[in-house]
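Taken together, the values in this text are just the output of simple stated rules run on the coordinates, not laboratory data. Keep in mind that this is a model prediction, so the values were computed, not measured. Here the Cβ positions follow ideal geometry from the backbone for every residue, glycine too, while neighbour counts run over all protein chains shown.
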Amino acid sequence: MAADELAAQTKAVEKAPDLSSVDPADSRTGQPARPSLNCAGVSTRVPGSGGDMAGFDCRACRSANTTLVLDLGMVPAADTFAQASDTCEDRRFPLTLYACGDCSLVQLGPLEHPPGPEESRAVDSQTARGHAQASVGTVVEQLGLSPGQTVIELDSAHGASWLPSFVDAGLVPLPEDAVADLVVDVHHLMHAEDLNEVMAAHARRMAPSGHLVCEFFHVRPLVEHCLIDTIRHGHYAYLSVIALERLLARHSLALVDAVPVDVYGGSVRSTIRHVTSAQEAHPRVAEIKRAESSLGVDGPDALLELGARGREVTTALRQHLEGLTAAGRTVAGYGAPSKAPVLLALAQVDVDLLPFTVDMAPQKHGLRVAGTSIPIHPVERLLSARPDDVVVLTWDIADEVASHLARSSAGSGWSPRLYVPLPEPRTLSLPTV
Ligand SMILES: [Zn+2]
């Protein structure tokens, strides 16, 4: 999107009425609207403002020195998929971010009744499968692993297991309660309410000269690109390398390497050893920490700006869809990832603006996106409906989606315009195949 277009939208946002008091009836369908999402403002509250949003103990260092930095209001649990025909209201939970003043961990706020554990219904994307294979090749080479050495992989709700590739390389898989040469945690740690507990268990699993490879969402791109829908229930921590090192130190572990990797909007693959067997950290660890400090993600200030920036992103999505509808263009979504309920709730987008979405996972077909009435259909529905525009809700694999649609529709004459809401709102055409 052109900078001036985004600026114009931002201006419109500033003038927009407070949508938290939405009309009780939907103007288009006449149907009763879902209750106020209480999040249209994507507000930040003044830290320490008290009430029920008082600080809580850090999920890593237990410090009470935590600050509320973002309040997204009441948002449906990301992984609740009701039947499309089920018109019951989905339960909503507070979605807040806190920053720890002592260990710098950015984390989900307190949840009195947290939603259930994330249940993977997703089909691994080609991007995720390729990433798993490439990562294993790199790890085996860099750590000098050889056939017969042992590996433990902790389950990740994000799927795309690395274990089959390790087995292909000759490593021997062991159960979670064993001790192994290599422990692999790919997006597992952040799903734990208690990070200390997980890291203590990792330390027990690692042989004295063993390695832990831990890949996690990196808070830097989250803040830098305002990846607002990455923040959701079930993701309890948004780690920086600075916060990770402080967590490791409490378990006599040391970070020896950290590499930014381009998956899920921006992650880091870290290599960790027992302090007793750790070599000096690779210079890029210090580089990443310097970049984190200069962006300010080790303190609350940069995070306090996320609310206003998130409002720009979600308002841009809503205004884009309103513009398409006003212009008489037909539109549908691509993907029903667990981040979609957050993005659509914050943008106040429902079935009147996005009549349906499609997903590769058969387990999601016939269901609807939580907090909305938007049904989830097989991808074939998109090819038969041939909408003018497609909103890519799985924006982190937008290029893979574009290629897939181009191949699937080759020769049909259908060539929709794709809208990718994040990390920067942009439109793209299907590539030539
Ligand atoms: Zn802390």
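Figures for the structure shown
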quantity: Sequence ranges 404-412, 327-335, 228-236, 285-293, ranked by mean other-Cβ count within 10 angstrom, highest first; calculated: 228-236, 327-335, 285-293, 404-412
quantity: Difference of contour (0.36 nm per residue) and Cα-Cα distance, Thr432 to Val261; calculated: 58.8 nm
quantity: Square roots of 5 times each gyration tensor eigenvalue, C-alpha, segment 139-235, largest first, Å; calculated: 26, 15, 12
